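Here is the structure we will look at, set down as structure tokens.
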Amino acid sequence: MTGGEIIENRPILDEFGYIINAGWARAPLFEYNPPVFSGPFGTRTTEADRYIIVSTTHLIVFEIMDSRYLGHAGISVISVKDHRRSSHSVDNFFPLGRYNFPLNSEAGSIKFREKKAVLDFIIMKSGARIIKVDYPRFGHNRYLRGEVVLTRAFPDAQSIVTVSPWKRDKYAFRYFRCSPWFITEGVMQFGTTEIHFTRDNAWAIYDWKREIRPHRDIRYWAAACGIAGGKLAGFNIGYGSADSSAGTENAFFLDGLIHKLDQVTFHIPPVNWLKEWKFTSNDKRLEMIFTPFQQRTEYRQILFHSIKCRQVWGTFSGRVILDNGEEIAFLNITGFAERRKTRF
């Protein structure tokens with residue numbers, strides 16, 4: 001099995017469903033082909049798209065997921081000023097792929113409609129992305145309705161893309177992409193409040209995942225984006241039970257370009273997750289402090305399949321050494337961290 005940085009298109013699996021390519025890339029070069037592993041492993045498939053919009057006033061998370069047994073569309077709206085949060089999710093049983101998730105992260109659309117709730121993710125031919133939402137009964141009996149457009153902040157912007165296998169499950173893998181550099185424009189009507197997103201005050205993180213699940217998994221993940229020294233900065237860091245020896249998902253972004261990191265450790269307060277966190281990397285290139293201001297837990301289960309997630313939102317401050325050896329500091333970049341446990 002090949003690993004390391006991938007610089008050309010490669011399939012993830014061979015004709016028998018075994019993983020032949022793992023590693024990381026700066027663009028979505030891995031070929032995702034569900035028919036190869038549809039058979040008995042199709043029921044272990046999870047597909048999920050998530051957008052995290054960060055502005056100077058609000059942070060909004062949109063997520064659509066299909067784990068074959070359980071379908072889910074969730075939204076959280078968090079006020080950066082007063083730290084209040086409203087969340088709402090709609091679940092349905094046995095979607096079995098009916099949302100028609102696209103095979104790649106550069107084209108297609110996903111439409112979730114259930115119990116009068118509407119959430120659409122659309123990728124245009126131009127590369128722009130549109131998020132449409134209409135939730136008549138959102139948190140605290142308010143409605144959430146609106147549309148935002150996401151565009152690439154830079155023509156040559158890169159993504160952190162990884163394929164990670166599991167050592168004890170020869171069929172399980174995670175195909176993951178994160179792009180923390182989208183510019184966001186649009187308006188969301190949240191009850192009586194209008195939330196405006198403009199080019200100079202709002203950005204977005206794109207999280208894309210396709211996987212064959214192991215029987216048990218735990219994953220820690222954090223991401224953020226914002227302005228540091230007049231440049232657009234962001235990062236993606238994480239680790240878990242998957243084998244990342246061929247390439248971690250850890251990367252810092254500056255004006256859309258990747259500065260690759262090795263292993264990163266989350267130092268989480270053992271009791272109160274709203275206390276200060278610390279993050280360090282084994283290569284000494286990243287040190288930062290996370291100051292949380294809001295958290296949320298969720299638990300979903302059907303039969304023997306369960307997902308338990310704890311999310312914390314806040315601001316990140318610290319220092320990073322870029323690939324060219326330059327050290328930069330960043331202050332109060334908004335983002336989040338989470339721990340997600342799944343059992344199948």
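Quick notes on this one:
- Any hit, segment 130-153, residues being closer than 19 Å to Lys209 by Cβ, out of contact with any His (no Cβ under 9 Å at 6 or more places or on another chain) and of a type in the set (D, E, K, R): no
- Unique residue being among the hydroxyl-bearing types (Ser, Thr, Tyr), in a loop (DSSP other than H, G, I, E, B), out of contact with any Cys (no Cβ under 6 Å at 6 or more places or on another chain) and closer than 25 Å to Ala27 by Cα when the list is Ser109, Ser126, Ser164: Ser126
- For His58, the stated conditions do not hold, so it cannot be described as without any contact (Cβ under 8 Å) to a residue 60 or more places away in the chain, touching a strand residue (DSSP E or B) at 6+ places or on another chain (Cβ under 8 Å), of a type outside the set (S, T, N, Q) and buried (at least 16 other Cβ atoms within 10 Å of the Cβ).
- Selection over segment 56-65 of residues that are out of contact with any His (no Cβ under 8 Å at 6 or more places or on another chain) and either in a strand (DSSP E or B) or modelled with pLDDT of 95 or more (or both) gives a count of 5.
- Residues located in segment 73-102, provided they are loosely packed, with under 13 Cβ neighbours inside 10 Å and either under 21 Å from Leu150 (Cβ atoms) or under 18 Å from the mean Cα position of the chain (by Cα) (or both): Asn100
- Checking each residue in segment 269-312 for being touching a Leu at 6+ places or on another chain (Cβ under 8 Å), modelled with pLDDT of 95 or more and aliphatic (A, V, I, L, M) picks out Leu286, Val312.
- Some residue of segment 222-231 being small (Gly, Ala, Ser), in contact with a strand residue (DSSP E or B) (Cβ under 8 Å, 6 or more places away or on another chain), touching a residue at least 60 places away in the same chain (Cβ under 8 Å) and part of a loop (DSSP other than H, G, I, E, B): yes
- Filtered by the rule that a residue be in contact with a Gly (Cβ under 7 Å, 6 or more places away or on another chain) and modelled with pLDDT of 90 or more, segment 1-19 gives Glu5, Ile6.
- Taking the criterion of being at positive phi, of a type outside the set (A, V, I, L, M) and in contact (Cβ under 8 Å) with a residue 12 or more places away in the chain, the residues of segment 89-135 that qualify are Phe94, Gly97, Gly108, Lys115, Lys116, Gly127.
- Matching residues in segment 112-122 - criterion: being more than 19 Å from the chain's Cα centre (by Cα) and either among the polar types (S, T, N, Q) or in a strand (DSSP E or B) (or both): Arg113, Glu114, Ala117, Val118
- Asn250 touching a Cys at 6+ places or on another chain (Cβ under 8 Å), closer than 17 Å to Arg26 by Cα and either of a type in the set (Gly, Ala, Ser) or in contact (Cβ under 8 Å) with a residue 24 or more places away in the chain (or both): no
- Residue in segment 40-48 that is assigned to a strand (DSSP E or B), under 28 Å from Tyr239 (Cβ atoms) and touching a Ser or Thr at 6+ places or on another chain (Cβ under 7 Å) present: yes
- Among the candidates Arg343, Arg296, residue that is crowded, with 16+ Cβ neighbours inside 10 Å, within 20 Å of Arg219 (Cα to Cα), touching a residue at least 12 places away in the same chain (Cβ under 8 Å) and touching a Lys or Arg at 6+ places or on another chain (Cβ under 8 Å): Arg296
Residues checked against (1) more than 15 Å from Leu59 (Cα to Cα); (2) not aromatic (Phe, Trp, Tyr):
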position: Pro136; (1), (2): yes, yes
position: Arg145; (1), (2): yes, yes
position: Phe154; (1), (2): yes, no
position: Val161; (1), (2): yes, yes
position: Phe173; (1), (2): yes, no
position: Arg177; (1), (2): yes, yes
position: Thr184; (1), (2): no, yes
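- Entry remark, segment 286-344: residues being charged (D, E, K, R) and under 24 Å from Thr46 (Cα atoms) number 10 in total.
- Failed item, numbered, when Pro180 is tested on (1) surrounded by 14 or more Cβ atoms within 10 Å (Cβ to Cβ); (2) of a type outside the set (Val, Ile, Thr); (3) free of Cβ contacts under 8 Å to residues at least 60 places away in the same chain: (3)
- Note on segment 149-167: residues that are buried (at least 23 other Cβ atoms within 10 Å of the Cβ) and either out of contact with any strand residue (DSSP E or B) (no Cβ under 9 Å at 6 or more places or on another chain) or of a type in the set (A, V, I, L, M) (or both) total 4.
- Just one of the listed residues (Trp273, Trp313) is of a type in the set (Phe, Trp, Tyr) and assigned to a loop (DSSP other than H, G, I, E, B), and it is Trp273.
The values are calculated or read from the model by the stated rules, or taken from the named source; none is laboratory data. Every value quoted in this text rests on a predicted model; they were computed, and no experiment measured them. Don't worry about glycine lacking a Cβ; one is built from the backbone with ideal geometry, like all the others, and counts go over all protein chains shown.
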